[in-house]
Each structure stands twice: as structure tokens, then as C-alpha cells.
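Down below is the structure, laid out as C-alpha cells.
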């Protein structure tokens, strides 16, 4: 041991899918603290604390006390239907909360990474670049776009990472591959759109990219993505990688109305990966490679 003190990272939303992955990837390098809102979880190698990010005073007090070197804001309300029904709450968490964290980060000299979404776009063209004009069509997308604006206004040195679809090991809820696996293992067919596109990213891989980006001092907006695929292709490849019956993954068009969606989803949410690929050495994994790493994680029985 050289006695060198570890830098400190604060992960807000640390029990969510991405936040948990960041904790998992950071804990050997950083002194790691994560926050939760309602439900406490013990994550190996890190310390959890409660925090309501919608309270500016609570956020400022928390960051003043911890003095983290790096803050990763992975806290959000992500369920599109819930956000549509609770717009004030969505705006409070996804916009005001993000701004509160950014203001505290700027005041106490912490580097900040804020996680955003493809839903800031309308999904009409796909393969969106960071410079394309946003046009959100859901309450969720609008709240996340306002969050981006508040973060950059309060903390101009912040890094904003946009992601299309994250998958991995969830402590609460399910990512798309987790849902597919759950259904197929029960022998239940899944209907998946052949004409709805995204750029799925394995959460632990995204965490690695984010941590490298922070170390490199990146700021501004970056897409963290790789290849574009349809939801059907994602389901099919999940079945293949996990050795399940691909015939249970059934193609369907979003035009038929066969699969009912209460709030319309964006048709093509894919993100152009060019900028991040040039900025960091850690590759954003393609679909099969990412799913293979996900399978290895699950096979290893990792709990946190």
C-alpha cells in the first residue's frame, strides 16, 4: 500500500440499474457512497445514505458534508406511463433534482456526470447526434431535457451522457432483456416490435465508459451507445445468448396495434456513437458482446 487516499464518488440513485453498476465498477477505485430515496439497500463495498434530491437544502447539506470528487447522478423517474400521469413529480425529480445536484457540485468543486436519455428526441429519424435539436414528445422526455438545461446552467463543466436503453441486473424492476428472460424461461411468448429501434447498452459497460470519461475531464453532451437494433432483434439475441427458444420471440409491427401502449413510444430512439468512441478508450460493446457480459455477470451470481 502506498497510503494514497482514494478519491470519493457519490452515486445518486445508487440502487437503480445504472447506479448499482456504477457502484460495482467504482468501489475498488473510489471511496464509494451512494444514495437511495425510499428503499434502503446494502451494496457491497459502498456506503448508502438516504437523500431526497428534490430538496435543495438536503442536497447541499449532503454534498457539503461528503465533499465528493465525482458525482454521478443516476437518480430519475424513468417509467414513462408513471411520468405521464405524474408530471409535477417527474419534473421535480428529473429536472429540479438534477439542478439541485449540479448547483451543489459547482459550489463544492465536484465533477458531475448527469445521465440523460434518448427521449429528449421525437424518434422520427434515429441515430441522433449530440448536436441534433431536441424535441421530446412525452412528459418523461420533457422533464429530462429540462434537467439537462438546469444541469448545464448550474454546472457548465458537467458531463451529460445520453443513453437509449440500458440493460443489466436490476435490484428493482426489469430491463428489456431481463423481462425477455423471465418470460422465455416460463415458456411465455413475447411479442416485440420489428419497427421500433434503439441502441441498447450493458449497464456495467456504460459505467466503465462514464468513469473513464470523468477521468479524462470530458464535459458537455455525449451519447453512450453502439449499434442500432430493433426491439425484436434485441429479444432474439437475448434468447440466443442465453440458449433459450428463439421461436418464443415473435415479431410484430407497432402499426398493427396488436401490442397496446398507453403512452406512445419513440419509433427510432437510436443514438450516434461517433463522439464517445473518439473520446475514450473503453469500447461501448455491441449487442452480442454486451449480452455475453450480462450473462457472465448473472452466471457469477453477483448480488450488488
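Every number in this text was worked out from the coordinates using simple rules, so none of it is lab data. None of the values given here were measured: they were computed from a predicted structure. When we count neighbours, we look across all protein chains shown, and the Cβ atoms used for this are built from the backbone with ideal geometry, even at glycine.
Listing 231, 293, 24 from the residue with the fewest other Cβ atoms within 10 Å to the one with the most, what is the order?
So the residues, fewest neighbours to most, are 293, 24, 231.
Where both residues lie in the chain, what percent of DSSP beta bridges are antiparallel, nearest 5?
5
Just to be sure I understand the model, the point goes 7 Å from the Cα along the line to the Cβ. What's the resulting residue 38 to residue 216 distance in nm?
My value for the distance between the label points is 3.8 nm.
Compute the distance in nm between two label points, each set 7 Å from the Cα along the Cα-to-Cβ direction, one at residue 227 and one at residue 124.
2.9
I want to make sure I understand the PRE zone here: with the label point 7 angstrom from the Cα of residue 56 toward its beta carbon, which residues in segment 84-108 have backbone N atoms less than 20 Å away?
Only 88-108 pass the distance filter.
Could you state the orientation-averaged shadow area of the convex hull built on the Cα atoms of segment 157-228, in nm² to one decimal?
Its average projected convex-hull area is 6.1 nm².
Tilt of helix 287-299 relative to the longest C-alpha principal axis of the chain, in degrees (0 to 90, nearest 10)?
It is inclined by approximately 70 degrees.
Run the helix sum for the chain: -39,500 (n - 2.57) per DSSP H stretch of 4+ residues, divided by residue count, reported at 222 nm to the nearest 500 deg cm²/dmol.
After summing the helix terms and dividing by the residues of the chain, the value is -11000 deg cm²/dmol.
May I ask you to order 150-157, 235-242 by the average number of other C-beta atoms within 10 Å around their residues, highest value first?
Ranked by mean Cβ neighbours within 10 Å, highest first: 235-242, 150-157.
As a footprinting exposure proxy, order 86, 39, 114 by other Cβ within 10 Å, with the fewest listed first.
39, 86, 114
If you project the alpha carbons of segment 78-177 onto the principal axes, what extent comes out on each, in Å, largest first?
Reported extents, whole Å, longest axis first: 38, 32, 28.
Between residue 86 and residue 299, 0.36 nm times their residue separation minus their Cα-Cα distance comes to what?
Value of the extension gain: 72.9 nm.
Report the per residue volume, in Å³, of the convex hull enclosing the C-alpha atoms of the chain.
It comes to 129 Å³ per residue, whole-number rounded.
By how many degrees, between 0 and 90 and to the nearest 10, does the Cα long axis of helix 176-185 differ from the longest principal axis of the chain?
Once rounded, one gets 50 degrees.
If we restrict to alpha carbons, what Rg and Dmax does segment 1-134 come to, in Å?
Rg, Dmax (Cα atoms, Å): 15.9, 54.
Can you bin segment 90-241 into rounded, prolate or oblate? Criterion: square roots of the alpha carbon gyration tensor eigenvalues sorted a ≥ b ≥ c, rounded for a/c under 1.5, prolate for a/b above b/c, oblate for the rest.
It is prolate, given that a/c is not under 1.5 and a/b is the larger ratio.
Under a crude label model (7 Å from the Cα following the beta-carbon direction), how far is residue 195 from residue 279 in nanometres?
Calculated label separation equals 3.5 nm.
Quick one: 245, 69, fewest Cβ neighbours within 10 Å first, how do they rank?
Starting with the residue having the fewest Cβ neighbours, the order is 245, 69.
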